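Everything below concerns the one structure shown next.
The values are calculated or read from the model by the stated rules, or taken from the named source; none is laboratory data. Values in this document were obtained by computation on a predicted structure and should not be read as measured data. Methodologically, a virtual Cβ is constructed for each residue, glycine included, from the backbone with ideal geometry; neighbour enumeration extends over all protein chains shown.
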Ligand SMILES: Nc1ncnc2c1ncn2[C@@H]1O[C@H](COP(=O)(O)OP(=O)(O)O)[C@@H](O)[C@H]1O
Ligand SMILES: [Mg+2]
């Protein structure tokens, strides 16, 4: 069964069509990468699915339920997690308070296991605003996954991370996936794609351009051309 | 365990508790009056300091509560315990009105500076409306609204049981206000440390991110707005009870600017600083106002300018932190 299904969704900003009739199916257990050049509409597609943007047309089904009329927090509470492109942790709260906010309770065990998983156990009383960039990204991912959603969207989770940090991020995502979390990830970084992607969709000029396994996508000439700016 | 920065709170309340032993009724009544304004300020600290939402019209709720209390208690002055339930009913009306305004603000997608504009408009509309109710046709039951002269002659808060009669006045009023302030400060600190408070604090930074963690931010903001209206209402009712009158100018432009200045100057992120700073600033205003109201207004404006420029955190909060570090950090 599909966990998420998009049917012909479109989004216009003024006269400009940022996302154009995209249809997409995500299976439970997948780690789907969505790639495409800057401005392809990847972040916009995310925001349409979770309810930050309204759709101009189309349907969003989560667990076979129409969710496009629900508000952002209502969709999240169905079992969806999200990390936006810009790292957005609450800089005036401590790391632990950030996580309490995300888990909606004070289950200390779960919070501690997440602090450990993300290597933040020494930072739990540090203000999130004082963390390094890498740790902010991890805290942000932790926020989007700690409530154990079925489906998690990550918009550029490794932006600005070093090679080692990227690898560690991939490992964490893989672990969570092993525990049953389905991921949809927007990335530019082909290393992490090679490391963890189970399937890949390519977005170009707001349209779905190609879908396939990581191997198929990486060996596809047209996809390479899009990235090089030829198409 | 006693936390370091509680020491100031506790010291100030000890002083407040022993003041009646040292001073006569005149001073006690004056200090009661200064403390009456702390509740509207604490409400503003809640919605603005914690929630990041600047309401410029808290006086609307102050006035609504004051007038409701006056109208209800004048009309039902013969009914048993009106001096107890009329202020409570007036507070309920105010909180509901606050929730309705909050609903239209937050569910209507009004944010930032527009909240200030809308709330200011509400208080000015109420002021203008009440100011034109001078004619004899403007009555609610037995209560004449009385235009810009305002309403008088409401029975005080209190209760009569057989021979025994208690009115909220003098030293009783003083202690009532002190204990109410202690209780509300405690409650506000509890709210700040709760999940509710965490959501509110976080929504100040990034509303969408809080929603994306599954929280209904609009609802939380609406509830907070209603609570802040309630606190403004506490001030309005106590003010009406204290002086025995309520006038439209309590909802006017100058009146509505005052809480914003007190809260900003004291330190909007710390409830105790707001409580203490508000008492000091109202005291200063009143002292100056003896020589003409305009001096007090000019000084408050000046304080606001200086504070935003040089002490953006607030003077009292800054002093509190300074003293805490100086005297208590070596332990
Ligand atoms: N809120 C917005 N208003 C107007 N245009 C927008 C908005 N958000 C995105 N766009 C435009 O939509 C296009 C797709 O943006 P985006 O989804 O952020 O691309 P990507 O994430 O693939 O880099 C871009 O041309 C961008 O300028
Ligand atoms: Mg993007």
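Worth pointing out:
- If the condition is being more than 11 Å from the chain's Cα centre (by Cα) and either touching a residue at least 40 places away in the same chain (Cβ under 8 Å) or within 15 Å of residue B:64 (Cα to Cα) (or both), then the stretch B:220-235 contributes B:221, B:222, B:223, B:224, B:225, B:226.
- Looking across the stretch B:210-221, the residues that are at the interface with chain A (Cβ under 10 Å from one of its Cβ atoms) and not in a loop (DSSP other than H, G, I, E, B) come down to B:210, B:211, B:217, B:218, B:219.
- Flag if residue A:170 is away from every other protein chain (no Cβ under 14 Å), more than 16 Å from ligand 2 (Cβ to nearest atom), without any contact (Cβ under 8 Å) to a residue 40 or more places away in the chain and surrounded by 21 or more Cβ atoms within 10 Å (Cβ to Cβ): yes
- Number of positions in the stretch B:119-169 that are in a helix (DSSP H, G or I) and surrounded by 18 or more Cβ atoms within 10 Å (Cβ to Cβ): 9
- Only residues that are free of Cβ contacts under 8 Å to residues at least 40 places away in the same chain and either at positive phi or in a helix (DSSP H, G or I) (or both) were counted in the stretch B:284-320, giving 18.
- The lone criterion from (1) away from chain A (no Cβ under 14 Å); (2) on the phi < 0 side of the Ramachandran plot left unmet by residue B:162 is number (2).
- Condition met for residue B:54 (in a loop (DSSP other than H, G, I, E, B) and at pLDDT 95 or above): yes
- Of all residues assigned to the stretch A:152-162, at least one qualifies as being within 15 Å of the chain's Cα centre (by Cα), surrounded by 17 or more Cβ atoms within 10 Å (Cβ to Cβ) and more than 16 Å from ligand 2 (Cβ to nearest atom).
- Test: residue in the stretch A:85-101 that is closer than 25 Å to residue A:14 by Cβ and without any contact (Cβ under 8 Å) to a residue 40 or more places away in the chain: yes
- Candidate set from the stretch B:197-209 (those that are more than 7 Å from chain A (Cβ to nearest Cβ) and surrounded by 22 or more Cβ atoms within 10 Å (Cβ to Cβ)); member that is nearest to the chain's Cα centre (by Cα): B:200
- Test: residue in the stretch B:185-196 that is without any contact (Cβ under 8 Å) to a residue 24 or more places away in the chain, within 14 Å of chain A (Cβ to nearest Cβ) and under 30 Å from residue A:85 (Cβ atoms): yes
- The condition (being in contact with a strand residue (DSSP E or B) (Cβ under 9 Å, 6 or more places away or on another chain) and either within 14 Å of chain A (Cβ to nearest Cβ) or part of a helix (DSSP H, G or I) (or both)) is satisfied by just one residue among B:224, B:240: B:240.
- Complete set of residues in the stretch A:116-130 that are more than 12 Å from every other protein chain (Cβ to nearest Cβ) and either under 16 Å from residue B:214 (Cβ atoms) or buried (at least 20 other Cβ atoms within 10 Å of the Cβ) (or both): A:118, A:120, A:123
- Residue count, the stretch A:1-59 (criterion: within 16 Å of ligand 1 (Cβ to nearest atom) and either surrounded by 16 or more Cβ atoms within 10 Å (Cβ to Cβ) or within 14 Å of the chain's Cα centre (by Cα) (or both)): 32
- Of the numbered criteria (1) out of contact with any helix residue (DSSP H, G or I) (no Cβ under 6 Å at 6 or more places or on another chain); (2) not in a loop (DSSP other than H, G, I, E, B), the one residue A:153 fails is (1).
- Pairing residues of the stretch A:38-58 that are touching a residue at least 60 places away in the same chain (Cβ under 8 Å) with residues that are near ligand 2 (Cβ under 8 Å from one of its atoms), at Cβ distances under 6 Å and at least 6 apart in sequence or on separate chains, gives A:42/A:186; A:43/A:85; A:43/A:155; A:46/A:155.
- Total residues in the stretch A:186-209, condition away from ligand 1 (no atom under 12 Å from the Cβ), assigned to a loop (DSSP other than H, G, I, E, B) and crowded, with 22+ Cβ neighbours inside 10 Å: 1
- Screening residue A:183 with (1) away from ligand 1 (no atom under 16 Å from the Cβ); (2) under 30 Å from residue A:12 (Cβ atoms); (3) surrounded by fewer than 20 Cβ atoms within 10 Å (Cβ to Cβ) gives one miss only, at (3).
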